[in-house]
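The structure under discussion appears below in the form of C-alpha cells.
The values are calculated or read from the model by the stated rules, or taken from the named source; none is laboratory data. All of these numbers come straight from a predicted model, not from anything done at the bench. So basically every Cβ, Gly included, is an ideal-geometry build from the backbone, and we count neighbours across all protein chains shown. Surface accessibility is based on the protein's heavy atoms, side chains included, excluding ligands, DNA and RNA. Shrake-Rupley method; radii C 1.70, N 1.55, O 1.52, S 1.80 Å.
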Amino acid sequence: VRRHGFADDTQLYNRLSLRKEGEQELQLQTMQDCVADVRTWMTLNKLKLNDSKTEVMVITKKRDSELVKHMTFQIGDEVIKPTPVAKNLGAAIDKVLSMEPQVNNVTRSMYFNLRRIAKVKHHLTQEARAKAINATVLSRLYFHNGLLLGLPDKSIHKLQVAQNNAARILTGTSRREHISPVLHHLHWLPVRQRITFKVLTTIQKTLHRSSAPAYLKDLCPVHQPQRALRSSTDTWRLEVSKSSNKYGDRSIRTLGARLWNDLPANIRGPCTQPTFRKHLKTLLFRQAYE
C-alpha cells in the first residue's frame, strides 16, 4: 500500500486485480488492515480517525465498473461504499478519470463570477475589469488545469467557451465577432495550450530543481540510451513510458514526456524559471495563432 500525506489529509492507494480469482479480496483486506494500523497508531497518539468522513474510490475502466459495483470497505465501525467522485486537494476526481466533474465545476464557477462582473461592468474601467476577471475567473481556469492533459476536444471546448466569454466581457466584444483576434490581442493562450504550459513548466521545475519532490522526479526520468546514438548529446530528453490504455496515454510520463521532448533543445536546457516561461509561452502562442 502506498500513501500521500498532506497537512490534514492522508491518502492510501493500491492496485487491484479485478479479474484474478481471490486476488481482489486479498488486496482489499490488505488495504483494510493498513487503515486499521493507521487507526491504532492514531489512538495511541490521542488522535481520532473520522470513519464517517473517510472516502473510498475504485478507479476502473467503464467496462469493468460492474466488477466493483457491490464492493464495500470496513473502516472501523462504518461500512463504506465506493464513491463515484472524490475531492483531491480541491480537484474533483471521478472513478473513470474522465475529469468531467472537474470541468463542470470549473465552468460553473467561472460563469457564476462572469455573471456578477457583467452586471457591473459598465461601472468599471477596463483595468478594473481585467483585475476582477483575472482574480475570480481565470484563476479558476488555471487551478489544477494540469490534470486535464490529453482530454478530448469535447471537454476542453466547455472551458474554451468560458474563456472566450471572459474575453468578450473584458473587451466588450459582441458575440457576432470572432474571438481569436481578441485572445491574440489580450495575449491569452487557448485552454489546451495553457494546459500544456502548466505541465511543461512543472516538468522543467522537476528536472532543474534539486528541491523538487521525489514523487515528481519519478514521473520525469531522463532518457538513458543503451548505445551511442545521435541524440545521446541531448541530456535533457525524457524517457517516454509505453502505455496500453487511454488513461496512460494522458499521463505526464507518456504525453507529458512527448511534449517535453518536442521542445527545442535550447529551451529544455537549464535556465531560470522566468526565462523558460517566457520562451515556452512565445512558442505556444505562435503555435496557437500562426
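When the inverse distances between all different Cα atoms of the chain are averaged and flipped, the Kirkwood radius reads 22.2 angstrom.
Relative to the longest principal axis of the Cα atoms of the chain, the long axis of helix 191-208 makes an angle of roughly 60 degrees. In this simple spin-label model, placing a label point 7 Å from the Cα along the Cα-to-Cβ direction at both Val120 and Arg108 gives a separation of 2.4 nm. The packing ranking, built from the mean of other Cβ atoms within 10 Å per residue, places the peptides 269-277, 155-163 in the order 155-163, 269-277, highest first.
Remark: the range 172-183, residue by residue, has Karplus-estimated 3J(HN,Hα) of x, 7, 6, 5, 7, 8, 5, 8, 4, x, 5, 4 Hz, where x stands for each Gly or Pro and the curve is 6.51 cos²θ - 1.76 cosθ + 1.60 at θ = phi - 60°.
With θ taken as phi - 60° and the Karplus curve 6.51 cos²θ - 1.76 cosθ + 1.60 applied, the whole-hertz 3J(HN,Hα) list for the range 248-253 is x, 4, 8, 6, 5, 5 Hz, x standing for glycine and proline.
Beta bridges assigned by DSSP with both partners in the range 1-138 are antiparallel in approximately 100 percent of cases.
Structural descriptor for the range 182-290: relative contact order 31 percent, calculated from alpha carbon pairs under 8 angstrom and at least 6 residues apart.
Once backbone amide H atoms are built at 1.01 Å from N, Asn88 has Ile93 as its partners under 5 Å, excluding neighbours fewer than 5 places away on the same chain. Run down the aspartates and glutamates and flag those whose C-alpha is under 18 Å from the C-alpha of Lys87, throwing out any fewer than 8 positions away in its chain. Answer for Lys87, where 18 Å is the Cα cut-off: Asp8, Asp9, Asp51, Glu55, Glu100, listed by chain and number. Only helices enter the 222 nm calculation for the chain: every DSSP H run of n ≥ 4 contributes -39,500 (n - 2.57), and dividing by all residues gives -14000 deg cm²/dmol, rounded to 500. Each residue of the range 5-142 gets 151 Å³ once the volume of the Cα convex hull is shared out per residue. Set the Cα radius of gyration of the range 144-209 against 2.2 N^0.38 Å, with N its number of residues, and you get 1.30.
Label-to-label distance for Leu186 and Thr40 is 5.7 nm, based on points extended 7 Å past Cα in the beta-carbon direction. Here the Karplus curve 6.51 cos²θ - 1.76 cosθ + 1.60, taken at θ = phi - 60°, turns the phi angles of the range 98-107 into couplings of 6, 6, 4, x, 5, 4, 5, 5, 5, 5 Hz, with x standing for Gly and Pro.
Normalising the average separation of contacting C-alpha pairs (under 8 angstrom, six or more residues apart) by the number of residues puts the relative contact order of the range 48-178 at 19 percent. Expressed as a fraction of 2.2 N^0.38 Å, the C-alpha radius of gyration for the range 146-290 is 1.19. What pairs from Lys246/Lys281; Lys205/Lys242; Lys198/Lys278; Lys53/Lys95; Lys205/Lys246; Lys154/Lys217 go past 20 Å between their alpha carbons? Result: Lys246/Lys281; Lys205/Lys242; Lys205/Lys246; Lys154/Lys217 exceed 20 Å.
Loop-located trypsin sites (Lys or Arg not before Pro) in the range 1-97 (DSSP state not H, G, I, E or B) with no more than 16 neighbouring Cβ atoms inside 10 Å: Arg15, Arg19, Lys20, Lys46, Lys48, Lys61, Lys69. Heavy-atom surface analysis with a 1.4 Å probe gives the chain a carbon and sulfur content of 52 percent of its accessible area. For the chain, the relative contact order comes to 11 percent (Cα pairs under 8 Å, sequence separation of at least 6).
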